[in-house]
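Heads up: the structure comes next, in structure tokens.
The values are calculated or read from the model by the stated rules, or taken from the named source; none is laboratory data. Given the structure is predicted, the values throughout are model-derived calculations rather than measurements. Note: ideal-geometry Cβ built from the backbone for every residue, glycine included; neighbour counts use all protein chains shown. Only protein heavy atoms, including side chains, enter the accessible area calculation; ligands, DNA and RNA are left aside. Shrake-Rupley method; radii C 1.70, N 1.55, O 1.52, S 1.80 Å.
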Amino acid sequence: FTTAVTSLTSASGYSFKAYAINGEGTGYSPVATFGTPSTVATLSALTISAGTLAPDIPSGEYTYTASVSRETTTLTLTPTVTAAGATVGGRQGTTGAFTPVTSGSASEPFTLASGANTFQLQVIAPDGVATQIYEVVVTQRARPTVTPPPTASITATRERLGGKVTAD
């Protein structure tokens, strides 16, 4: 026989015993147990290979920022899931498939572009239903730009130069 059981709590253990009554009497099954999967889809830790995340994790926030030097050309993310059995995947940008990342291990390196770079991590709870997206925006400081002067004049006794250098 099959019966539906409702109002169970996630990440909890339960036990049950079946019985049958017939003309010979009542028979009981051995006690059996089962557990319900967790619905927790969060990270307990998140680090990046360069820069410092703000705010600190875990903070109840799902959007984080960091800034890295212009010499930093790649970045890895190391997410750690809260619930045993939860999975996590990462991607660069906000579209496309998530690539699996082992909890507590660094992702494959992502290539950084000058300016803002968006990364997303998707945590899937052990129940396979509950999910949470974390977004990390890492800004690679821009390279300095040099604007040549519109005119320059140099004579034997005088020089005039112009231009502009803009740092990060």
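Criterion applied to THR76, THR145, THR131 was being modelled with pLDDT of 95 or more and either open to solvent by 40 Å² or more (accessible area, probe 1.4 Å) or of a type in the set (Lys, Arg) (or both), and the one residue passing it is THR131.
Restricting GLU61, GLU71 to those that are farther than 14 Å from VAL136 by Cα and without any contact (Cβ under 8 Å) to a residue 12 or more places away in the chain reduces the list to GLU71. Of all the criteria given as (1) under 14 Å from the mean Cα position of the chain (by Cα); (2) hydroxyl-bearing (Ser, Thr, Tyr); (3) modelled with pLDDT of 90 or more; (4) closer than 18 Å to GLU135 by Cβ, the one not satisfied by THR102 is (4). In the range 26-74, of all residues being over 17 Å from GLY115 (Cα atoms) and acidic (Asp, Glu), the one that is farthest from the chain's Cα centre (by Cα) corresponds to ASP56. Only one of the numbered conditions (1) surrounded by 10 or more Cβ atoms within 10 Å (Cβ to Cβ); (2) more than 30 Å from THR76 (Cα to Cα) is not met by ALA4, and that is (1). Here the condition is being surrounded by 19 or more Cβ atoms within 10 Å (Cβ to Cβ) and under 30 Å from SER12 (Cβ atoms); of SER103, SER107, it holds for SER103 alone.
A residue that is assigned to a strand (DSSP E or B) and in contact with a Pro (Cβ under 9 Å, 6 or more places away or on another chain) occurs somewhere in the range 26-44. State whether one or more residues within the range 61-70 are open to solvent by less than 80 Å² (accessible area, probe 1.4 Å) and touching a Phe, Trp or Tyr at 6+ places or on another chain (Cβ under 6 Å). Looking through the range 61-70, none of the residues is open to solvent by less than 80 Å² (accessible area, probe 1.4 Å) and touching a Phe, Trp or Tyr at 6+ places or on another chain (Cβ under 6 Å).
Summed over the range 20-36, residues that are open to solvent by 70 Å² or more (accessible area, probe 1.4 Å) and under 30 Å from ASP127 (Cβ atoms) total 4.
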